[in-house]
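The values are calculated or read from the model by the stated rules, or taken from the named source; none is laboratory data. Note that the structure is a prediction, hence the values are computed from the model and not measured. Here the Cβ is made from the backbone with ideal geometry for all residues, glycine too, and neighbour counts use every protein chain on show. Just the protein is used for accessible areas: all its heavy atoms, side chains included, with ligands, DNA and RNA removed. Shrake-Rupley method; radii C 1.70, N 1.55, O 1.52, S 1.80 Å.
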Amino acid sequence: MSQELWKEVDAYIAGALVPEDPQLLAALAANAAAGMPAHDVSALQGKLLHLLARIQNARLILEIGTLGGYSTIWLARALPSDGRLTTLEIDPSRASVAKSNLVRAGLASQVDIRVGPALETLHALKSDGAGPFDLIFIDADKPSNPRYLEYAIELSRPGTIIIGDNVVRAGAVADPHSADPNVPGVRTFLELLGRHPRLSATALQTVGVKGHDGFALALVLPAQ
Ligand code: SAH
Ligand code: DHB
Ligand code: MG
């Protein structure tokens, strides 16, 4: 019942605020055709990411977890012409679907898809002196979230915003004994956000076409 209602409301809001877009729809169709799970953000969540990137005047964006590049398209469309987005994906076949979705959306020249385990790529980015990124979106394997957060802080500057997806998981996050194997990573992630001296953070529950879940949002503060 509630899921039906959440879907209806999402459809109404999407109709009013987020007009249908052939390139995003083509990306979702290509992802489904490739057999990917529908773990992309919703259109309304994608638009939120896009608006946050614009509010932030983001010129350098880092995304951890590409899938077929649906959220990547929303974020990359917020970039100025000299802006760049780096997105990390472990699965080469997903990365290649994402690449063709980004080419179709006219964004391939601004997006660098790095294939491999994100912890290795993050280590390489750090060694190469990449960043600081203006906005970092963490949306890959949830057990690694605490380590992704450490790298995110290292690749940030005061004023960077860090966004984490899927921090509620249908409410499972509130249960320290949850059977969902992703929950401990998400709980540690939230607890680190709460106690890190360089972060000020919140998290919001969301409902909609993707069910009951949530986003965490953190601002990187100056070192004391
Ligand atoms: N941000 C995307 C959805 C990402 S789904 C969107 O909203 O459109 C999570 C992705 O993280 C999956 O494609 C998965 O293959 C990838 N992933 C999982 N473990 C990873 C790892 N260790 N390193 C990099 N990517 C990983
Ligand atoms: C899952 C991962 C996601 O990034 C998402 O948005 C939804 C679900 C998952 O692993 O179940
Ligand atoms: Mg997600």
Matching residues, region 184-224, being free of Cβ contacts under 8 Å to residues at least 40 places away in the same chain, closer than 30 Å to GLN3 by Cα and assigned to a strand (DSSP E or B)
ALA201, THR202, ALA203, LEU204, GLN205
What is the one condition in (1) touching a residue at least 60 places away in the same chain (Cβ under 8 Å); (2) within 16 Å of ligand 2 (Cβ to nearest atom); (3) under 12 Å from the mean Cα position of the chain (by Cα); (4) assigned to a helix (DSSP H, G or I) that PHE137 does not satisfy?
(4)
Across region 7-31, what is the total count of residues that are farther than 17 Å from ASP139 by Cβ and within 15 Å of ligand 2 (Cβ to nearest atom)?
1
Of residues in region 138-160 being over 15 Å from HIS123 (Cα atoms) and away from ligand 1 (no atom under 16 Å from the Cβ), the one least open to solvent (accessible area, probe 1.4 Å)
THR160
I'd like to know if region 84-96 contains one or more residues that are of a type in the set (A, V, I, L, M) and within 17 Å of ARG147 (Cβ to Cβ).
yes
Quick one: count up the residues across region 83-104 that are among the charged types (D, E, K, R), closer than 22 Å to ALA152 by Cα and surrounded by fewer than 20 Cβ atoms within 10 Å (Cβ to Cβ).
2
Pull up region 14-45, narrow it to residues that are modelled with pLDDT under 95 and charged (D, E, K, R), then point me to the one that is most open to solvent (accessible area, probe 1.4 Å).
GLU20
In region 162-181, what count of residues is obtained for those that are in contact with an Asp or Glu (Cβ under 9 Å, 6 or more places away or on another chain) and either of a type in the set (D, E, K, R) or within 16 Å of ligand 1 (Cβ to nearest atom) (or both)?
7
Run down ALA11, ALA76 and say which single residue is more than 8 Å from ligand 1 (Cβ to nearest atom), hydrophobic (A, V, I, L, M, F, W, C) and either open to solvent by 20 Å² or more (accessible area, probe 1.4 Å) or touching a residue at least 60 places away in the same chain (Cβ under 8 Å) (or both).
ALA11
Answer residue from region 46-66, given it is open to solvent by less than 30 Å² (accessible area, probe 1.4 Å) and touching a residue at least 60 places away in the same chain (Cβ under 8 Å) and is nearest to ligand 3 (Cβ to nearest atom) among those
GLY65
For region 153-161, state whether one or more residues are part of a helix (DSSP H, G or I), out of contact with any strand residue (DSSP E or B) (no Cβ under 7 Å at 6 or more places or on another chain) and within 16 Å of ligand 3 (Cβ to nearest atom).
no
